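Here is the structure we will look at, set down as structure tokens.
The values are calculated or read from the model by the stated rules, or taken from the named source; none is laboratory data. A quick note: this is a predicted structure, and the numbers were derived from the prediction, not measured. Neighbour counts run over all protein chains shown; Cβ positions are idealised from the backbone, glycine included. The area values use the complete protein model at the heavy-atom level, side chains included, leaving out ligands, DNA and RNA. Shrake-Rupley method; radii C 1.70, N 1.55, O 1.52, S 1.80 Å.
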Amino acid sequence: MTLSKLDGFVAGLAVGPVDIASHDWLPWVWGDAFLPSFESAELQRTAAQAVVAHHERVATALTDNPEVYEVVLSREPVPGEPVWELWTGGFLLSMQLCPDDWTTHQARTPVRRALDLILELSNLAAGSDPGCLTVMDRNTTVASELSGVVRALNDERPAKGHPDLSGTVVQFVPTSKQRHS
């Protein structure tokens with residue numbers, strides 16, 4: 001994966017409807033060439049740690065400071081080609097890890113609208129005419145739009161790690177300090 005495709009992939013994981021363990025998604029980054037592409041186990045471990053660290057940076061940014069989150073787009077690989085194609089491809093690939101959960105999650109209107117924009121950009125990148133905007137203007141505009149889409153999806157992500165305790169009665173048991181006061 002290129003850095004741009006990886007960024008789209010981990011953004012999709014970070015805002016997806018379910019948490020997916022790194023050992024389940026990491027092979028998707030490497031594809032079939034995971035083991036043969038590394039000269040040593042140490043190099044493989046270092047590369048895996050770097051990829052997981054990027055995922056953690058994206059997830060942390062979206063959790064702690066989402067207003068500053070920005071997508072990572074590669075420099076234009078071929079003159080005239082949109083650079084967001086790799087990013088959207090990575091995002092859409094991440095959705096394949098839990099398609100049923102994404103299908104259910106898309107029932108929410110804001111999620112469906114955000115994913116529609118990603119799909120439109122993916123289709124546009126596959127065979128579009130640049131129109132009246134220069135390629136650089138379009139890439140800058142799309143980068144800003146994609147960042148906003150990821151932030152919107154992050155806002156719609158189901159809460160994780162905090163069970164629904166509504167209606168649960170928890171008996172209060174005073175500590176020794178509270179008993180004597």
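Exactly one of these conditions fails for Pro17: (1) part of a helix (DSSP H, G or I); (2) crowded, with 16+ Cβ neighbours inside 10 Å; (3) in contact (Cβ under 8 Å) with a residue 24 or more places away in the chain. Give me its number.
Among (1) part of a helix (DSSP H, G or I); (2) crowded, with 16+ Cβ neighbours inside 10 Å; (3) in contact (Cβ under 8 Å) with a residue 24 or more places away in the chain, the lone unmet condition for Pro17 is (1).
May I ask you to verify whether Ser4 is in a helix (DSSP H, G or I), of a type in the set (S, T, N, Q), at pLDDT 90 or above and under 17 Å from Val149 (Cα atoms)? Before you say what the answer is, go through the steps one by one.
Working: in a helix (DSSP H, G or I): yes; of a type in the set (S, T, N, Q): yes; at pLDDT 90 or above: no; under 17 Å from Val149 (Cα atoms): yes.
For Ser4, the condition - in a helix (DSSP H, G or I), of a type in the set (S, T, N, Q), at pLDDT 90 or above and under 17 Å from Val149 (Cα atoms) - is not met.
Would you confirm whether any residue within the stretch 116-138 is at pLDDT 85 or above, open to solvent by 30 Å² or more (accessible area, probe 1.4 Å) and out of contact with any strand residue (DSSP E or B) (no Cβ under 8 Å at 6 or more places or on another chain)?
yes
If you take the residues of the stretch 58-74 that are of a type outside the set (S, T, N, Q) and surrounded by fewer than 13 Cβ atoms within 10 Å (Cβ to Cβ), which of them is modelled with the highest pLDDT?
Among residues in the stretch 58-74 that are of a type outside the set (S, T, N, Q) and surrounded by fewer than 13 Cβ atoms within 10 Å (Cβ to Cβ), the one modelled with the highest pLDDT is Asp64.
Identify all residues within the stretch 87-101 that are open to solvent by less than 10 Å² (accessible area, probe 1.4 Å), at pLDDT 90 or above and either not in a helix (DSSP H, G or I) or not small (Gly, Ala, Ser) (or both); write none if there are none.
Correct list: Phe91 only.
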